[in-house]
1. Quick one, can you get me the convex hull of the C-alpha atoms of the stretch 113-157 expressed as volume per residue in Å³?
2. Could you list, bin by bin from short to long, the percent of Cα-Cα pairs of the stretch 199-239 in 10 Å steps?
3. Could you pull out the GluC sites (Glu not before Pro) across the stretch 104-205 that fall in loop regions by DSSP (anything but H, G, I, E, B) with no more than 16 other Cβ atoms inside 10 Å?
4. Once every Cα of the stretch 48-238 carries one equal point scatterer and solvent is ignored, give the base-10 log of I(q)/I(0) from the Debye formula at q = 0.09, 0.11, 0.17, 0.19 Å⁻¹, two decimals.
5. Quick check on my link table: of K98/K118; K146/K227; K79/K118, which ones sit more than 21 Å apart, alpha carbon to alpha carbon?
6. For the stretch 72-105, run through the GluC sites (Glu not before Pro) and keep only the ones in DSSP coil with at most 12 other Cβ atoms within 10 Å of their Cβ.
7. May I ask which of K46/K137; K94/K132; K94/K137; K137/K221 have a Cα-Cα span longer than 20 Å here?
8. Which loop trypsin sites (Lys or Arg not before Pro) in the stretch 145-239, with loop taken from DSSP, have no more than 11 other Cβ atoms within 10 angstrom of their Cβ?
Amino acid sequence: MDKTEFLVLFLIAIVSIAVVFQIFDILLKEKGKDNNKMMKNQDLIKLPEPRYESDTCVEEAILRRRSVRSYRDEALSLKEISQILWAAQGITEKRGYKRAAPSAGATYPLEIYVVVGKLEGIAPGIYHYIPKEHSLKRTISGDYRKRLTDAALGQSFVEDAPIDLVFCAVYERTTSRYGERGIRYVHMEAGHAAQNVYLQCQSLDLGTVVVGAFNDNKIKKILNLEKEEPLYVMPVGRI
């Protein structure tokens, strides 16, 4: 074998090795994409479809509505949390735009997080409600009810409830259109959504209460918020 043949074979071997490594690298990247996709799918939980009829009329729900601070030590079901979140901020038209609570200029500044301790089929953690998909997206794993209670100035019923809703707002969505007046509109909208939760809980024989006494910065740290500002905490549980 002369030098030319040896050089050709050597170059072929080098190219072959490079191709093998490139293929191996592509396969690893594709596997990584699949793993990331699986993780995303695991973190995104599609909620059951909400129902639009019940045995409780609006008048009865208003009559029986109370603020409840004592709950049984029982998990809620996915159907129940689905119904509650739909009542708060769910989509109410086929076009997928209008929501259950009115919003100034349809700017929809509210974001709802669910601090889960005991929810059937769902691991403890902090979940973000996605109205357009009627889904929960896990943002943090673990039971944060005790820390949430500490942020709520030690109000123990926050920890006692199986889940806690945290209403937050991105003020800019509304103030960018209405200026400083938009701040008032955001607060009005939070009240609309919270009352919907009250009435829906009454229809489901569940209890809830609005909590406004808390340390904003602690809540933001627990939920890892950036643009959102916390407005309400609503524990929900069986009575």
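Coordinate-derived values only; no laboratory data. On a predicted model such as this, the values are computed, not experimentally measured, just so you know. Neighbour counts run over all protein chains shown; Cβ positions are idealised from the backbone, glycine included.
1. Values: hull volume 3.6 nm³, N = 45.
About 80 Å³ per residue, rounded to a whole number.
2. Once binned at 10 Å, the Cα pair distances of the stretch 199-239 give 27, 38, 29, 6.
3. Details: sites: E111, E120, E133, E159, E172, E180, E189; in loops: E120, E180.
Answer by residue number: E120, E180.
4. -0.30, -0.45, -1.14, -1.43
5. On the way: K98/K118 30 Å; K146/K227 24 Å; K79/K118 14 Å.
With Cα atoms farther than 21 Å apart: K98/K118; K146/K227.
6. Numbers: sites: E74, E80, E93; in loops: E74, E93.
Sites meeting the loop and neighbour criteria: E74, E93.
7. Working: K46/K137 9 Å; K94/K132 11 Å; K94/K137 22 Å; K137/K221 18 Å.
Violating the 20 Å Cα-Cα cut-off are K94/K137.
8. Working: sites: R145, K146, R147, R173, R177, R181, R184, K218, K220, K221, K227, R238; in loops: K227.
In loop regions of the stretch 145-239 (DSSP not H, G, I, E or B), the sparsely surrounded trypsin sites (Lys or Arg not before Pro) are K227.
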